Amino acid sequence: MDTTKKTIIVFSGDFDKVVAAFIIANGAAAMDDEVTMFFTFWGLNALRRPDKVATTGKSPVQKAFAAMMPRGPGKLTLSHMNFAGAGAKMMRRVMRQQKIMPLEELIDTAREQGVKMIACTMSMDVMGLRAEELIDGLEYAGVASYLGDADEANVNLFI
Amino acid sequence: MDTTKKTIIVFSGDFDKVVAAFIIANGAAAMDDEVTMFFTFWGLNALRRPDKVATTGKSPVQKAFAAMMPRGPGKLTLSHMNFAGAGAKMMRRVMRQQKIMPLEELIDTAREQGVKMIACTMSMDVMGLRAEELIDGLEYAGVASYLGDADEANVNLFI
Amino acid sequence: MDTTKKTIIVFSGDFDKVVAAFIIANGAAAMDDEVTMFFTFWGLNALRRPDKVATTGKSPVQKAFAAMMPRGPGKLTLSHMNFAGAGAKMMRRVMRQQKIMPLEELIDTAREQGVKMIACTMSMDVMGLRAEELIDGLEYAGVASYLGDADEANVNLFI
């Protein structure tokens, strides 16, 4: 099978959309495609470490954003029917029942399969997120890098 | 005109987004393109039969999801300004006034034009939806099938 | 560098998503790509003039939609954590702090760089928006025009 390239912009931080993004990315990687996921805005929340990380030099607005946004895959909520977190819990439970990998494992698998995960540096500035607050194994880049990858890919999604 | 291929992932079950997806799909099919629509997560709600269908063997969580989610195109709500359904009603009314096909006909037209409509089996498991609850004329497949179609297409959208 | 083509459907009228769309569009235009942005549904709100424009012949439903929807980039709200506008204000402030162009300038820059901005005429009918309510320099077209551009492009996003 030919190796082709795919890119996915993960703009959303909704649990269900992030799951969909990783299922597509892992499916493509399993078919030997080169996959780049570019995390921007709320999508960065899927890459946050669950523990609080001390940082310095954030502006009050950046601190407020960082404090209010979910820390990592375990805290993401649903785009619909979230009901203060109950919906997301329900979806996690039914995924377990149906033997679908939890999001944390989907992320690990993506990394093991060589999916390139890029955190958008401009979005990090806006959201007030520092590299030390994000998981290991990421690259850091901007829109020019995304466009370079997208130009070589045959499937480019915005999620 | 050359026949080219298009794929659309319909992740959203918002009335307005589903309408947009079918207008693009029907437009492309009218230009002789081969179009595949791949319905995942909330997008499956657009394919539900409006009447309640008896099913067995669902887990309580699957039952809860199925009970709370809208049944078919007539029940979908807006992504913005829904106001407990009033916004969606307004949009349906203005579409009639402007002689735009209602969503039900957009779906029928897509089928008549040979648009391939695939229900994502993994999402059906998560949402607790069975084939007998969905409209006729669908195919059932997973992410590998989507990626196969997307690899041959020149336009791939995630809606 | 080869000139290639890109298309972006701007369906969303959320401040954060519209910003993302223009950052991608301007980035691609800066790399000499031909970029077409196709504004549909809520995305049209980003193109509204901030001042009220007298129009005639709108149906009551169209008037209601037009009255309730935000007028121009300064009024758009966030897709998440909007808190009655406070979130959008926070994001505008942090963009200023980080020396990121405000949305109004992103739109001007797109125009100066020759990004083709198309307002979807069918959506204008649904939302009850007239050309005189939208900013200058737009083209007006429908889905067939979009599909023609997308067929020639190597990156096609739906935002």
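Just so it is clear, none of the values below were taken in a lab; they were calculated from the coordinates. These numbers were taken from a predicted model, which means no experiment stands behind them. Note that we place each Cβ from the backbone using ideal geometry, even for glycine, and neighbour counts take in every protein chain shown.
Data for the structure
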quantity	calculated
Straight-distance crosslink candidates among aspartates and glutamates, where the alpha carbon sits under 15 Å from A:LYS17 and sequence neighbours closer than 8 are dropped	A:GLU104, B:ASP14
Fewest-first sequence of B:ASP136, C:ASP125 by Cβ atoms within 10 Å of each Cβ	B:ASP136, C:ASP125
10 Å-binned pair-distance histogram of the protein assembly as shown (Cα, whole percent)	4, 20, 32, 29, 13, 2, 0
For the protein assembly as shown, size of Cβ-based charge dipole, Lys and Arg +1, Asp and Glu -1, in debye	2820
Set of lysines with alpha-carbon distance to B:LYS5 below 20 Å, sequence-local pairs under 8 removed	A:LYS5, A:LYS6, B:LYS116, C:LYS5, C:LYS6
Footprinting exposure proxy for A:LYS99, B:LYS58, B:LYS116 (fewest neighbouring C-beta atoms within 10 Å first)	A:LYS99, B:LYS58, B:LYS116
Separation in nanometres of the label points that stand 7 Å from Cα toward Cβ, at C:ASP108 and A:LYS99	6.0
Computed over chain A: relative contact order in percent, which uses C-alpha pairs under 8 Å that are six or more apart	37
Inter-copy spacing of A:GLU112 label points, which lie 7 Å from Cα along Cα→Cβ, given in nm from shortest upward	5.0, 5.0
Candidate lysines for bridging to C:LYS52, where Cα separation is under 21 Å - those fewer than 8 sequence places away on the same chain excluded	C:LYS63, C:LYS75
Inter-copy spacing of B:ALA86 label points, which lie 7 Å from Cα along Cα→Cβ, given in nm from shortest upward	2.5, 2.5
Modelled FRET efficiency - R0 35 Å, C:GLU152 with C:ASP51, Cβ distances, 0.05 increments	0.45
Dmax and Rg, reported as Rg then Dmax, of the stretch A:91-144 (C-alpha, Å)	14.3, 41
With 5 Å bins from 0: P(r) over chain C, alpha-carbon pairs, percent	2, 9, 19, 21, 20, 15, 9, 4, 1, 0, 0
Cα gyration tensor shape for the stretch B:18-108, rounded if a/c is under 1.5, else prolate or oblate	oblate
Choice from C:ARG96, C:ARG130, C:ARG48 with maximal GNM fluctuation in chain C (Cα, 10 Å cutoff)	C:ARG96
Hz values of 3J(HN,Hα) by residue in the stretch B:58-65 - Karplus curve (6.51, -1.76, 1.60), Gly and Pro given as x	7, 6, x, 5, 4, 4, 5, 4
Of A:GLY72, B:TYR140, B:GLY114, farthest towards positive along the dipole that unit charges on Lys, Arg, Asp, Glu beta carbons give the protein assembly as shown	A:GLY72
Over chain B: helical MRE at 222 nm, DSSP H runs n ≥ 4 each giving -39500 (n - 2.57), nearest 500	-12000 deg cm²/dmol
Closest-to-axis residue of chain B (Cβ criterion, axis taking B to A), whole Å	B:PHE158, 4
Mean-position separation - Cα centroids, the stretch B:37-107 and the stretch A:34-62, in angstrom	34
